[in-house]
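Structure first, commentary second.
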Amino acid sequence: DTMRGFTNGHEKSPFVLTPQEAEAIFNTDHPDVESIVTKYTTDPYWRNSIQLTIMTTSPYSNMILDELARVGLPKEVIYLGMHESAGNYKAKSHKAAMGFWQYMEETAKEDGLRIDDWVDERRDVYKATKAAAARIRRHYDALQDIFLAMMSFNRGLGGIRNDTLNKKVYKYSV
């Protein structure tokens, strides 16, 4: 495994990139990126929030990373789920999105997840990850840009296509 991380006292985290890995993925010289990095590394509240998200995600991180690799997505896509839910598979948004991937009910059903009086598979990290990875892969195949594919997970494929045509979304937006 080529992932780099920090030790939380017990194990290496697969979520923290080395500066070289981050530079290869992101334009870290961009002022918005610099300000975000500064905020999350110097402010104790945000630093603790990220550490909690990493710890909360750790029990199922290998399964998520395996599924992303299986469908040919980069490991960094896990950050989308971590951002959506802070790693909490029980998370529920004010708009009724649920689970690690924060699926809306209609989208979850489109992706084959069961939602009824007895079961809500949005909270099943394994099934929701398989569905989310397949959706993001389809969007990547359509858009040919992983960042746009990740943005389309929330905005929808049609929404991102319209935004890019109308110059509202720029490649590698922060």
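The values are calculated or read from the model by the stated rules, or taken from the named source; none is laboratory data. These figures come from a predicted structure and were not determined experimentally. Here Cβ is always computed from backbone atoms with ideal geometry, including for glycine, and neighbour counts include all displayed protein chains. For the accessible areas, the whole protein counts, side chains as well, though only heavy atoms, and no ligand, DNA or RNA atoms are used. Shrake-Rupley method; radii C 1.70, N 1.55, O 1.52, S 1.80 Å.
Here are the numbers:
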{"item": "Within segment 70-100, considering residues that are small (Gly, Ala, Ser) and open to solvent by 40 Å² or more (accessible area, probe 1.4 Å), the one farthest from Asp145 (Cα to Cα)", "result": "Ala96"}
{"item": "Test: residue in segment 48-56 that is farther than 19 Å from Phe153 by Cα, of a type in the set (A, V, I, L, M, F, W, C) and over 14 Å from the mean Cα position of the chain (by Cα)", "result": "yes"}
{"item": "Among the residues listed as Tyr140, Tyr103, Tyr126, the single one being surrounded by 15 or more Cβ atoms within 10 Å (Cβ to Cβ) and either out of contact with any Lys or Arg (no Cβ under 9 Å at 6 or more places or on another chain) or over 23 Å from Tyr60 (Cα atoms) (or both)", "result": "Tyr140"}
{"item": "Output for segment 35-69, where each listed residue is loosely packed, with under 12 Cβ neighbours inside 10 Å and modelled with pLDDT under 85", "result": "Ser35, Thr38, Thr41, Thr42"}
{"item": "Residue, nearest to Arg70 (Cα to Cα), within segment 90-145, restricted to residues that are among the acidic types (Asp, Glu) and not in a loop (DSSP other than H, G, I, E, B)", "result": "Asp141"}
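Per-residue answers, yes or no, for (1) free of Cβ contacts under 8 Å to residues at least 60 places away in the same chain; (2) in contact with a helix residue (DSSP H, G or I) (Cβ under 6 Å, 6 or more places away or on another chain); (3) of a type in the set (Val, Ile, Thr):
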{"residue": "Thr41", "(1), (2), (3)": "yes, no, yes"}
{"residue": "Trp46", "(1), (2), (3)": "yes, yes, no"}
{"residue": "Leu52", "(1), (2), (3)": "yes, no, no"}
{"residue": "Ala86", "(1), (2), (3)": "yes, yes, no"}
